1. Which percent, to the nearest 5, of DSSP beta bridges fully inside the chain are antiparallel?
2. Highest mean first, how do 27-33, 161-167 rank when packing is the count of other Cβ atoms within 10 Å averaged over residues?
3. Label points 7 Å out from Cα along the Cβ direction at A232 and A104: separation in nm?
4. As a test of the definition: which semi-axes, in Å, follow for the chain when you take the square root of five times each eigenvalue of its alpha carbon gyration tensor? Largest first, please.
5. For the ranges 275-283, 210-218, what's the packing order if you count other beta-carbon atoms within 10 Å of each residue, average per peptide, and put the highest first?
6. Lys/Arg Cβ at +1, Asp/Glu Cβ at -1, dipole of the chain taken about the Cα centre: which of L223, I23, Y311 is farthest positive-ward?
7. If packing is taken as the average count of other Cβ atoms within 10 Å, what order do 310-318, 229-237 fall into, highest mean first?
8. Measure up K109/K164; K125/K196; K67/K125; K258/K293; K43/K67; K164/K258 against 29 Å on the Cα-Cα distance and list the ones that go over.
Amino acid sequence: MVLAFVLVASSPVAGQELQIGIIDFYGLNRVTLAQAREALTFKEGDSISYGDELPRTFTDSERRLLKVAGVIRAHTEVVCCDDGRVIVYVGIQERGAPTMRLRAEQRGKARLADDVVAAGDEFSKAFGVAVLRGEANEDRSQGHSLLADPATRAIQERFLVYAKRDLPQLRLVLRSSSDAAQRALAAQVLGYAADKQAVVDDLVYAMSDPSENVRNNAMRALLVFSEMVPTAPTPAPRIPHDRFIAFLNSPVWTDRNKASGALMILSVSRDAALLASVRKEALASLVEMARWKSDGHAKPAFTILGRIAGYSDDAARAAWERGERELVISAALRGQ
């Protein structure tokens, strides 16, 4: 699975000229692809520069999208990278589309230790550099991410220490802090707890956080838990699948990205109830995502659709490699 690096003003690429390689859309039901493209003030091949905030061409495009009949929300996400160029995901929420139920902002004063905050800042910078160098491979066998990049891995190994030392405070910050950045970091570090099952409820709780960064880190931690290789003394943690399904319809790209990745892993047993729920609640969204141009971002949705359609994973993979993506998508749609 592709490890996505979402670009923000504080990322290592801030101030650099970046070329847009891919533009993809989601949330389009009544709004057509042509209408959505016409509203954009940027195109594939354009160069953008990151400064202190989202480039104006993106905010202008979001305002133009909001003028399209039926659109009540527009969201742009810039992700690094595909063949050295960025991917821009443009999402909309149409009037009448499913609405995410999120909690109100917390008001608590709990905060993380200074060394945890410093490590979080160091990780963001080191991880961004590793992604740009194409060195984002990671080992998830222990239920937490350990990157091949030595600098980033060293920080992650400190997270293991902090998760053991500060477990009660991490939970308190995640559940009550008024600082969204601290909640997001708490979710990330909780993913390194020695007892994964003990923190599943905390991370599931964080999935309803109003901050997309908190949700992203919580879902990613649970996704990685689900890839843990169990041993005799340490069974794999049990991850509830139902909470992820609603996020396949989210207007926020990171919600869709992490939910599809988690459900790809959680549906490997082809649980009939899980696949039936996904089909009923999010089939159209999966089809959109399976058609994305970035292979790594499209494959989780495509894999789930293959299972819905009754394909073996090997057969679905073979169809993908033959360029027959639509064959599998059509089979999933026929089963509605």
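1. Rounded to the nearest five, the antiparallel share is 70 percent.
2. Ranked from most to least packed, the peptides come out as 161-167, 27-33.
3. The two pseudo-label positions are separated by 5.3 nm.
4. Taking √(5λ) for each eigenvalue gives 30, 25, 20 Å, largest first.
5. 210-218, 275-283
6. Y311
7. Result, highest mean Cβ count within 10 Å first: 310-318, 229-237.
8. Cα-Cα > 29 Å for K67/K125; rest within.
No value in this document is a laboratory result; all are computed from the given coordinates. Values in this document were obtained by computation on a predicted structure and should not be read as measured data. No Cβ is skipped: glycine too gets one built from the backbone with ideal geometry, and neighbour counts run over all protein chains shown.
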